[in-house]
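Structure first, commentary second.
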Amino acid sequence: MMKCKTFNAWLEMAQDDEVLINPDDINHEAINNMWSFSPTDEETPQIHAADIVEFIGEVIAARRSAVKGEDMLFYCWHDAQCRQLRFSLVSRSHGRLPFRCELHETQDLALIADRVVNGDWRNEHYMQAPSEDGDEQEQVPFVLPVFVAPVPQESARQEARGPASLQG
């Protein structure tokens, strides 16, 4: 049980949700398996990046149980325009994630957690208009950081199969 009531409530909603598996349509799969979260103004002060890491870890554990025998990718990102933490699952057979922008795939969930909590939810200056001096800055290309984890986990699949020396 997590110490933050908000995350306990979110986990209760998301952990037992049915997972749609559709290896023929990545967008159908991604949209139907997507969850998004953002705290209320009252909840925000109690939320910390470490809570996000723990929450997503619990969601991944629940998803691993839900998709036994399937090769899926769990992915999580900060949707800056909506100010939400989002996650979804797609079949690994697609060979990609369903985004149409450049991605920075990471195994560092803390990067996403810090971005959404400290960079957005707890940042009162988030999405404020830049100063006039800021208008002259060079535009950098948009790259979306996305946490990605195989579900089920690769090591768990290897253990289930047994040592390679025993396979024939």
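The values are calculated or read from the model by the stated rules, or taken from the named source; none is laboratory data. In this text, all values refer to a predicted model and were calculated from it rather than measured experimentally. Every residue, glycine as well, gets a Cβ built from its backbone with ideal geometry; the counts of neighbours run over all protein chains shown. The accessibility values were calculated without ligands, DNA or RNA, using every heavy atom of the protein model including side chains. Shrake-Rupley method; radii C 1.70, N 1.55, O 1.52, S 1.80 Å.
Could you tell me what a quarter of the Cα convex hull surface of segment 42-135 works out to, in nm² with one decimal place?
Working: hull surface 31.8 nm².
Hull-based average projected area comes out at 8.0 nm².
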Among Ala110, Ala9, Gln81, which residue has its Cα positioned farthest towards the positive end of the charge dipole of segment 1-138, with +1 placed on the Cβ of Lys and Arg, -1 on the Cβ of Asp and Glu, and the dipole taken about the Cα centre?
Ala9
Of Val67, His28, Thr44, which is farthest along the charge dipole of segment 19-73 in the positive direction, counting Lys and Arg as +1 and Asp and Glu as -1 at C-beta?
Val67
Expressed in square angstrom to the nearest 10, the accessible area of His104 with a 1.4 Å probe stands at 90
Let me know the shape class of segment 80-128, please: from the alpha-carbon gyration tensor, a ≥ b ≥ c as square roots of the eigenvalues, rounded when a/c is under 1.5, otherwise prolate if a/b is greater than b/c, or oblate.
prolate
If every Lys and Arg gets +1 and every Asp and Glu gets -1 at its Cβ, then about the Cα centre segment 12-150 yields a dipole, in debye to the nearest 20, of 600
Would you kindly compute the Cα radius of gyration of segment 1-97 and its largest Cα-Cα separation (Dmax), both in Å?
13.9, 42
Residue-level accessible surface for Arg83, protein heavy atoms, 1.4 Å, Å²:
90
